[in-house]
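Below is one structure, written out as structure tokens; comments come after it.
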Amino acid sequence: LLLLLGIVALVPLVACANVASLALVRATARTHELATRRALGAGRARVVGQLIVENVVLALVGGALGLGIAVVGGRVLRSAGPASIPRLSEIGVDPTVLSFALFVSLLTVPLFGVVPALRGAGFDLADALRFGSTRGGASRRGWSRSALVVTQVALSMTLLVTSGMLVRSLTSLGRVDPGFQVGSLLTARIELPVYKYASRQEWGVAWDQTMQRIEAIPGVKGVAVADWLPVTPGAGPWNGLSRPGAAGDADQASVPGRRKFVSRDYFEVLGIPMLAGRAFQADDMPGSDPVMILSETLASTLFPGEDPIGQDVMLWGQPFRVVGVSAKVDEAGVGEEGRPAFFVSTDQFPQSGMRMAIRTAGSDPLSVASALRGELREEDPDITLSDVQAMDARIDGTLSQPRFRTGLVSVFAVVGLILAAVGLYGVLAYLVTLRRQEIGIRMAVGADRGAVLRMVMLEGLKLVGVGIVFGVAGGVIASTTLRGMLFGVSPADPVALGGSAIVLLGAATAAAFLPALRAVGVSPVEALRGE
């Protein structure tokens, strides 16, 4: 939300700088008209009042159009946004939003419309009437126009860099190996009717029978259950682990780990490599010595520089023998660190509600979903089945929020880019009009069209270059504040910075080319006729 708030602040700033630069240029271009009004008796307050009314009308019309876009945009967000975003259904335009939009629209008038207009109206009456409509006071306000163009470009560059960083981060997340084989894996939530079973041992028998039936389904290669499957954001409880006798040893304090109950075929079905020791076996049953498997991260933390196999770990006040070390898996989500996991056998500690992982022979794991429902009904009609989906879809769902915010920021960045390009085009187009006589003189004394074209384009691109420099600095600062949202990308990522600069420079070149092309079409005779 803070990210979007910052973006929402930057885009209107680009728009307001656009309005301010165009208002300043427009007032400069209207110097002769305003001077004529003054000469005919209109007071300064009357002229300023006219400019204020014009800007108020522009602000209200723009605000009304913006609200219309907001209504449509709210509907798009509600339909396209991921369900994991809290209160997504409440996005929309309400009286508070209407009041705020009206307030901001009117606030932009004195800040970004009237002030430049007043500067444009601040001319010497005699000079304005003497030099005509295009030269009175134009040069004195050149630095203001330049500063506003640089501001637009810098803000737009900041938006582009931020968007580029998030896109790069999302791409990096999509390439992450979660630590297990994702393809051809079906997942589901299954609840046993616990009221039908007298003990936990009967739960274990029921799970064995259920998995045997599912393994017999054509196209099923393996079945495993766990209370929490990998890539489940924030899911799964945690417990503190310690080595025996470490209660009074500060160096051997309790280490938190994500506790997972899994079946004996869990590692094989999910394709999680065993780095040392073994997986759970059939003889790991209730009554036998409790065993556990550690993830490689947890093993290295509890047993630095030692072989953990055969060692004891204290859990729930009793020792568990470490029989295996598994490879690291993204338990909390793709690219999320989270707490490292340890695994306890469901044969020794049966559970009623579990999540099932089914390895299928075909590329579409959902093809066995119908047969799965049928087998569960045959086994027990009271078994509850829910949340049936392919593992790759589950992983894709964990990326929905990063993808959503990246898409939003990218849309705002494109809007900022368009606004900056339009602002640059408008300023250069007005400057070509203001310098029409100068350009005519240059061409009359021998300047070729190429020289005039380069002159106009360089005038715009110099401002763009300065804006890009400031924008790169702003983008790095913004990306630093977003460090927690970035994965595999540094705040000064050269690809994002360079790509954003190239995109902005390309848009600016296109925006500057049209006024430059218009400049080379100036006829010296027509331009000098006014002299």
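Taking the Cα centre of the chain as origin, work out the dipole magnitude from +1 charges on Lys and Arg Cβ and -1 charges on Asp and Glu Cβ, in debye rounded to 20.
Computed charge dipole of the chain: roughly 3840 debye.
Classify the stretch 210-369 as rounded, prolate or oblate from the Cα gyration tensor: take a ≥ b ≥ c as the square roots of its eigenvalues, call it rounded if a/c is under 1.5, otherwise prolate when a/b beats b/c and oblate if not.
Prolate, since a/c reaches 1.5 and a/b exceeds b/c.
What is the gain in length, in nm to one decimal, between residue 200 and residue 477 on full extension, counting 0.36 nm per residue of separation less the C-alpha to C-alpha distance?
Using 0.36 nm per residue and subtracting the Cα-Cα distance, I get 94.1 nm.
Can you sort 425, 195, 266, 430 by 1.4 Å-probe accessible area, starting with the largest?
Listed by decreasing accessible area, they come as 195, 425, 430, 266.
Taking a temperature of 20 °C and a viscosity of 1.002 mPa s, what whole-number D in µm²/s does Stokes-Einstein yield for the stretch 429-500 with Rh from Kirkwood over alpha carbon pairs?
Calculated translational D: 140 µm²/s.
Given the protein chains as shown and a 1.4 Å probe, how many square angstrom of residue 405 are accessible, to the nearest 10?
Approximately 60 Å² for this residue.
Using the alpha-carbon atoms, what tilt in degrees (0 to 90, nearest 10) does helix 142-174 show relative to the longest principal axis of the chain?
Around 20 degrees separate the two axes.
Would you mind computing, in nm to one decimal, how far apart the modelled labels at residue 396 and residue 370 are, each placed 7 Å from Cα along Cα→Cβ?
2.1 nm
What are the radius of gyration and Dmax of the stretch 159-204, computed over its Cα atoms and given in Å?
21.6, 62
Take the Cα atoms of the chain, build their convex hull, and give its volume per residue in Å³.
Hull volume over Cα atoms, normalised by residue count, gives 210 Å³.
I'd like the orientation of helix 2-29 relative to the chain: the angle between its Cα long axis and the longest Cα principal axis, in ° from 0 to 90, rounded to 10.
Compared with the principal axis, the helix lies near 10 degrees.
Report relative contact order for the stretch 147-296 in percent, whole number only (criteria: Cα-Cα under 8 Å, sequence separation at least 6).
Over the stretch 147-296, the number comes to 20 percent.
Show me, for the stretch 415-427, the HN-Hα J-couplings you get by feeding each phi into the Karplus relation (A = 6.51, B = -1.76, C = 1.60, θ = phi - 60°), rounded to Hz, glycine and proline as x.
Here the 3J(HN,Hα) series is 4, x, 4, 5, 4, 5, 5, 5, x, 5, 4, x, 5 Hz.
Amide H to amide H, which residues 5 or more places from residue 275 or on other chains are under 5 Å from it, using H placed in the peptide plane?
Placed amide hydrogens put 325, 326, 327 under 5 Å from residue 275.
Please figure out what share of the DSSP beta bridges in the chain is antiparallel and state it in percent, rounded to the nearest 5.
75 percent
For the stretch 143-269, just list the percent of Cα-Cα distances falling in each 5 Å bin from zero outward, please.
Bins of 5 Å from zero give 2, 7, 10, 12, 11, 10, 10, 8, 7, 5, 5, 4, 3, 3, 2, 1, 0, 0 percent of pairs.
Using r as the Cβ-Cβ distance of residue 104 and residue 462, and R0 as 30 Å, what FRET efficiency do you calculate, to the nearest 0.05?
After rounding to 0.05, the efficiency reads 0.40.
Just the accessible area per residue of the chain, please: how many Å² with a 1.4 Å probe?
So the chain comes to 48 Å² accessible per residue, rounded to a whole number.
With label points built 7 Å along Cα→Cβ from the Cα atoms of residue 39 and residue 208, find their separation and express it in nm.
10.6 nm
At 7 Å along the Cα-to-beta-carbon direction for both residue 94 and residue 274, put a label point, then send me their distance in nm to one decimal.
Placing both labels 7 Å along Cα→Cβ, they lie 5.6 nm apart.
What figure in square angstrom, to the nearest 10, would you give for the accessible area of residue 160 with a 1.4 Å probe?
Probe radius 1.4 Å; accessible area of residue 160 about 20 Å².
Run the 1.4 Å probe and let me know the accessible area of residue 54, rounded to the nearest 10 Å².
For residue 54, solvent-accessible area is about 50 Å².
In sequence order, what are the phi-derived ³J(HN,Hα) couplings for the stretch 73-84 according to the Karplus relation 6.51 cos²θ - 1.76 cosθ + 1.60 with θ = phi - 60°, rounded to whole Hz, with x for glycine and proline?
x, x, 5, 5, 5, 5, 7, 9, x, x, 5, 6
Each residue of the stretch 48-61 in turn: what ³J(HN,Hα) in whole Hz from Karplus with 6.51, -1.76, 1.60 and θ = phi - 60°, glycine and Pro shown as x?
5, x, 4, 5, 5, 4, 4, 6, 5, 4, 4, 5, 5, 5
When a/c is below 1.5 the answer is rounded, else prolate if a/b is larger than b/c, else oblate, so apply that to the stretch 263-316 with a ≥ b ≥ c taken from the square roots of the Cα gyration tensor eigenvalues.
Note, shape of the stretch 263-316 comes out oblate.
Would you mind checking the tilt of helix 494-520 against the longest principal axis of the Cα atoms of the chain, expressed as 0 to 90 degrees and rounded to 10?
Long axis of 494-520 versus the principal axis of the chain: about 20 degrees.
Going by accessible area, probe 1.4 Å, with all protein chains left in place, what is the ranking of 238, 203, 228, largest first?
238, 228, 203
Give me the extension gain from residue 495 to residue 216: residue separation times 0.36 nm, minus the current Cα-Cα distance, reported in nm with one decimal.
Result for the pair: 95.3 nm of gain on full extension.
On the protein heavy atoms, probe 1.4 angstrom, tell me the percent of accessible surface of the chain carried by carbon and sulfur.
61 percent
Need one word for the stretch 342-465: rounded, prolate or oblate. Basis is the Cα gyration tensor (sqrt eigenvalues a ≥ b ≥ c); a/c below 1.5 gives rounded, then a/b vs b/c decides.
prolate
Give me the Kirkwood hydrodynamic radius of the stretch 30-86 in Å, from all C-alpha pairs, to one decimal place?
Answer for the stretch 30-86: a Kirkwood hydrodynamic radius of 14.8 Å.
Between residue 315 and residues 5 or more places away or on another chain, which pairs have amide H atoms under 5 Å apart, with H built 1.01 Å from N, and which residues are they?
320
The values are calculated or read from the model by the stated rules, or taken from the named source; none is laboratory data. The model shown is predicted, which means the values in this text are computed figures rather than measured ones. Cβ atoms come from the backbone with ideal geometry, glycine included; neighbour counts cover every protein chain shown. To get the accessible areas, we keep the full protein, side chains included, count just its heavy atoms, and leave off ligands, DNA and RNA. Shrake-Rupley method; radii C 1.70, N 1.55, O 1.52, S 1.80 Å.
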